[in-house]
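J.: This is the structure, below, for whatever I ask next.
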Amino acid sequence: MFLRLPLKSCIMPALFLPALLLCSGCDEKRGVKIGENPPAVSGKDLQGRSVDLAHLKGKVVVIYFWTNSCCGDTLKELEPVYLRNKNKGLEILAINVMDSRKDVASIASNNRLTFTMLPDEHATLFEQYKVRGFPTIFILDKHGVVREKILGAIHSSKLEKLMQRQFEIHKQAEDAYQKARPH
C-alpha cells in the first residue's frame, strides 16, 4: 500500500534537504580563501617522487583540482603555459580526484604532460580544500599565499595572465626593496 501525501508535503522536504546540505557546516570555515595560506599538500607524484607544497615557496604555484570526467581534455592546454613559465618559477600541481593512479598516468602520458600530476585517490586534499566542483584552481604567490581562486573552467590565456600578475607583483616588490636599501 502506498502512502499518499499531499503534493505540498512532498515538495517542501525535496526543497529543504538540498538547502540543508548546502548550508551544513555554515559555521565551519567554508574552504580556502584568498589571502590565506592553503592547507598542506603532500604526496607522491606519478613517478613516485615526494611532492610537498611547503618546498615550493619562492615559486608561483597553480593548484589545479580536476577529474577526467570533466577536465581531462583541458589539462593539455596547461602544458604550453607551464613550458613558457617554468623557468620564471612556475609550478603546476594538477591534483586528480576520483580517477585511478593508472588512469591519471595514462592521461599524462597521452598528452605529454610534464607538470606535476598528483593523484588524490582517497580525496584527502579534495576535502581539506573543500573543493565542490571541477576544475577548482588556486594561484599561490611566491610566499605560498592564495591570491586567486577560480571555480570552474577558465581559458588558458586568462589563467596565464593571472599567473603573470603574480610574477609582476613579486618583481615590483623586489625592485622597490632594492631601491629602498642603502648602498
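J.: With no solvent and one equal point scatterer placed on each C-alpha of the range 79-122, evaluate the Debye formula and give log10 I(q)/I(0) for q = 0.14, 0.17, 0.24, 0.34 Å⁻¹, two decimals.
T.: With no solvent term, the Cα-only Debye profile gives -0.34, -0.49, -0.82, -1.18.
J.: Further, regarding this structure: Please work out how much length the chain gains when fully extended from ARG132 to ASN111, using 0.36 nm per residue of separation minus the C-alpha to C-alpha distance, in nm with one decimal.
T.: Gain on stretching ARG132 to ASN111: 5.0 nm.
J.: Now for a separate question. Taking the C-alpha atoms of the range 124-182, how large are the radius of gyration and the largest Cα-Cα span, Dmax, in Å?
T.: According to the Cα coordinates of the range 124-182, Rg and Dmax are 15.1, 49 Å.
J.: Take LYS33 and ARG181, extend 7 Å from each Cα along the Cα→Cβ direction, and tell me the distance between the two endpoints in nm.
T.: Spacing of the two 7 Å Cα→Cβ label points: 3.5 nm.
J.: To continue, here is another question. In the range 142-165, which residues have a backbone nitrogen under 18 Å from the label point lying 7 Å from ALA173's Cα in the Cα-to-Cβ direction?
T.: Flagged as within label range: 142-149, 162-165.
J.: How far is it, in nm, from the label point at HIS122 to the one at VAL145 when both lie 7 Å from their Cα along the line to the Cβ?
T.: For the pair HIS122/VAL145, the computed spacing is 3.3 nm.
J.: Something else now. Report the paramagnetic label zone for GLU79: residues of the range 88-127 whose backbone N is under 19 Å from a point 7 Å from Cα along the Cα-to-Cβ axis.
T.: 90-96, 102-119
J.: Taking Rh as the Kirkwood radius computed over C-alpha pairs, what is the Stokes-Einstein D of the range 74-163 at 20 °C in a medium of viscosity 1.002 mPa s, expressed in µm² per second?
T.: Answer from the Stokes-Einstein relation: 154 µm²/s.
Readers should treat all values here as calculations from the given coordinates under stated rules, not as data from a laboratory. Please read all numbers here as calculations on a predicted model, not as lab measurements. Note: ideal-geometry Cβ built from the backbone for every residue, glycine included; neighbour counts use all protein chains shown.
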